[in-house]
Amino acid sequence: MDRKSSFEAEALPHLDAVYRFALRLSGSPADAEDLVQETFLRAFRAWEQYTPGTRAKSWLFTICRNIFLRQRERSVRHDEIVLKAAGSARKAGTESTEDPLFASASVDDPEGNFFRELVDDSILAAIDELPDEFRDAVLLSDLEGLSYAEIAQVLDIPVGTVKSRLFRGRRQLQEKLYAYAVDYGYIKPRAKHG
Amino acid sequence: MDRTTCREAVARLYEYLDGELSPEAAEAVRRHFEICKQCYPQLCFCQAFQEALRRAARGLPCAPEHLRARLAALLRDEAARHDA
């Protein structure tokens, strides 16, 4: 198979996934399209570096994220990024890592039946509201089906960090979705004692 | 005999659901959840959560047609340049 045919067979089937990833990163369809175009162009030029048999999807995600970060470095002021990162680190530090359930849900709906009632758009909106580092981990794992090792490669972090970001991100997301389910009457919180 | 403690099982819950454990470790965790009344709801809770996310993922947008077409043209040009 020539270069173009093998690229079309292995890389192009991931176009939708890369577009969605680019859309989440950049936040606008126009920027996402530019990002996708640049990603596939670079991937095509570097096709020799791709190891056949490994997942092209995570390789493309890695390229996409690298381009995005470099573009952002150029356009965003450094102190803004530092402030944002400090804010989310502070927030993350206050959470317990003891068990995956949080107190209110384990009392009102221990088996999580309310998740079945939630509207897809509200789930996607709640994911978007997560701090970037948690959002990316949850997105790559739960929505795109990447393994921990693949996520570690895409986000350029150790596997242990992938696990803790997934844990915290999922916890925050569960709390958001629980609050949403209460607002919309899918669960009725039990009255507090006293 | 089940040697996995509740603490261990819950700590490995996501690794279990994400398919990140070895077959032996996964089997040990699975057996614990099967017989433990306290831990079982936590498994259900996280499964329901992940199913909801996967369901929501099906509603995510696809790449627009004009992007697909533009990309095809771009690759054609690039391949021609590469072969030349």
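Coordinate-derived values only; no laboratory data. Worth saying up front: this structure is predicted, and the values here are computed from it rather than measured. Here the Cβ positions follow ideal geometry from the backbone for every residue, glycine too, while neighbour counts run over all protein chains shown.
Please state the relative contact order of chain B as a whole percent: Cα pairs under 8 Å, 6+ residues apart? List each step's numbers first, then the result.
Numbers: 28 pairs, mean separation 22.1, N = 84.
The value is 26 percent.
Could the peptides A:105-113, A:35-43, A:172-180 be put in order, highest first, of the mean number of other beta-carbon atoms found within 10 Å of their residues? Kindly include the intermediate steps, with their values, before the conclusion.
Numbers: A:105-113: 17.7, A:35-43: 21.0, A:172-180: 19.3.
Per-residue Cβ counts within 10 Å, averaged per peptide and sorted highest first, yield A:35-43, A:172-180, A:105-113.
Which distance in nm do the two modelled labels at B:Arg3 and A:Ser164 give, with both placed 7 Å along the Cα-to-Cβ direction?
2.9
Kindly flag which residue pairs out of A:Lys163/A:Lys188; A:Lys4/A:Lys163; A:Lys4/A:Lys57 have an alpha-carbon separation exceeding 27 Å in this structure. It would help to have the intermediate numbers written out before the result.
On the way: A:Lys163/A:Lys188 32 Å; A:Lys4/A:Lys163 37 Å; A:Lys4/A:Lys57 17 Å.
Distance filter (> 27 Å) returns A:Lys163/A:Lys188; A:Lys4/A:Lys163.
Note down the nm distance, to one decimal, between modelled labels 7 Å out along Cα→Cβ at A:Glu117 and at A:Ile157.
Between A:Glu117 and A:Ile157, the simple spin-label model gives 3.3 nm.
When all C-alpha to C-alpha distances in the protein assembly as shown are sorted into bins of 10 Å, what percent of pairs does each bin hold, rounded to whole numbers?
Values per bin, smallest distances first: 6, 25, 31, 22, 12, 4, 1, 0, 0.
Of the candidates B:Pro23, B:Pro61, B:Pro41, which one comes out as most mobile in a Gaussian network treatment of chain B with C-alpha springs shorter than 10 Å?
In this elastic network of chain B, the residue with the biggest mean-square fluctuation among B:Pro23, B:Pro61, B:Pro41 is B:Pro61.
Per-residue mean of other chain beta-carbon atoms within 10 angstrom of the beta-carbon, peptide B:38-45?
Mean number of neighbouring Cβ atoms from other chains: 5.
Set Lys and Arg Cβ to +1 and Asp and Glu Cβ to -1, take the dipole of the protein assembly as shown about its Cα centre, and tell me which of B:Ala57, B:Leu75, A:Thr54 lies farthest positive.
B:Ala57
From other protein chains only, count the Cβ atoms within 10 Å of every residue's Cβ in B:55-68, then give the mean.
If you average over the peptide's residues, the count of other-chain Cβ atoms is 6.
Taking a Cβ-Cβ separation under 4.7 Å as the criterion for a possible partner, which cysteines of chain B have none?
Lone cysteines by the Cβ rule: B:Cys6, B:Cys44, B:Cys46, B:Cys62.
Using the crude model of +1 on Lys and Arg Cβ and -1 on Asp and Glu Cβ, and no other charge, please compute the dipole size for the stretch A:119-194 relative to its Cα centre, in debye to 20.
Around 660 debye, computed over the stretch A:119-194.
Between B:Ala69, B:Ala11, B:Ala26, find the one with the highest GNM mean-square fluctuation for chain B; connect C-alpha pairs within less than 10 Å.
B:Ala69
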